[in-house]
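Report on the structure given below.
The values are calculated or read from the model by the stated rules, or taken from the named source; none is laboratory data. These numbers come from a predicted model, not from an experiment. Cβ atoms come from the backbone with ideal geometry, glycine included; neighbour counts cover every protein chain shown.
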Amino acid sequence: MPEATMPATAKNQEIIKKRSWWKYVLGALLALFIVIGAWAWMSKGAVVSAAKDFIVAVQAGDEEAAYALTTEGFHSYTSLEQLATVIDENWSLLPKTDPKIADYYIQASTDDGQTARVIAEWPKDDGGLFLMIMKLAKEDGLWLISAAKTDELAAGQTYDPEELAPL
């Protein structure tokens with residue numbers, strides 16, 4: 001039926017049909033944003049949780065648990081005995097309190113797969129900070145520590161996470 005001879009209700013229904021596809025587009029975009037947001041939230045949680053698990057093991061002096069939370073690459077250049085020495089000689093000075101996760105960054109993809117960096121900090125009695133900088137990599141679906149180091153800042157000294165020496 002030509003549009004000019006259509007009853008008014010038929011014209012309205014035709015207009016509604018033409019406009020309804022926008023609802024599908026908007027719905028699909030909303031769903032996409034929800035999925036991306038959920039992925040980012042879950043990734044952040046998994047990365048921070050893996051870093052905290054490593055910190056707890058180090059703080060407890062549990063070298064075997066800490067070593068189990070490291071990557072195969074870490075194992076290729078650091079033995080359990082070497083990690084135990086580092087924990088005993090250096091990291092045993094870390095406060096036994098929960099750290100503040102000061103910064104984290106998840107890199108979507110590299111040549112080595114998905115990687116992340118987490119910086120944990122603890123306040124020192126003199127007003128400075130203890131820092132633990134950890135690089136993580138995803139292996140078999142789990143976030144594991146691929147490198148870690150500690151640093152100390154004097155009172156009033158600040159740092160830019162992007163300027164910290166790479167691991």
* Is there any pair with a first residue in segment 140-162 that is more than 14 Å from A102 (Cβ to Cβ) and modelled with pLDDT of 85 or more and a second that is surrounded by 11 or more Cβ atoms within 10 Å (Cβ to Cβ) and of a type in the set (K, R) whose Cβ atoms are under 7 Å apart and which are 6 or more apart or on different chains, and what are they? -> S146/K135; A147/K135
* Which residues, taken from segment 73-84, are surrounded by 11 or more Cβ atoms within 10 Å (Cβ to Cβ) and among the polar types (S, T, N, Q)? -> T78, S79, Q82
* Structure fact -> Exactly one of E14, E72 is of a type outside the set (S, T, Y) and either modelled with pLDDT of 75 or more or within 24 Å of A116 (Cα to Cα) (or both), and that residue is E72
* Which one is farthest from the chain's Cα centre (by Cα), of the residues in segment 123-139 that are of a type in the set (D, E, K, R) and more than 22 Å from D98 (Cβ to Cβ)? -> E139
* Could you list all residues from segment 57-112 that are part of a loop (DSSP other than H, G, I, E, B), of a type in the set (A, V, I, L, M, F, W, C) and within 19 Å of the chain's Cα centre (by Cα)? => L69
* Structure fact -> Residue set I119, I87; condition under 20 Å from G45 (Cα atoms) and buried (at least 18 other Cβ atoms within 10 Å of the Cβ); output residue I119
* Does A38 qualify as being under 19 Å from the mean Cα position of the chain (by Cα), at pLDDT below 90 and either of a type in the set (A, V, I, L, M, F, W, C) or over 29 Å from P123 (Cα atoms) (or both)? -> yes
* **Subset of segment 65-103 [more than 30 Å from D126 (Cβ to Cβ) and free of Cβ contacts under 8 Å to residues at least 40 places away in the same chain]** => A65, Y67, A68, H75, S76, Y77, T78, S79, L80, E81, Q82
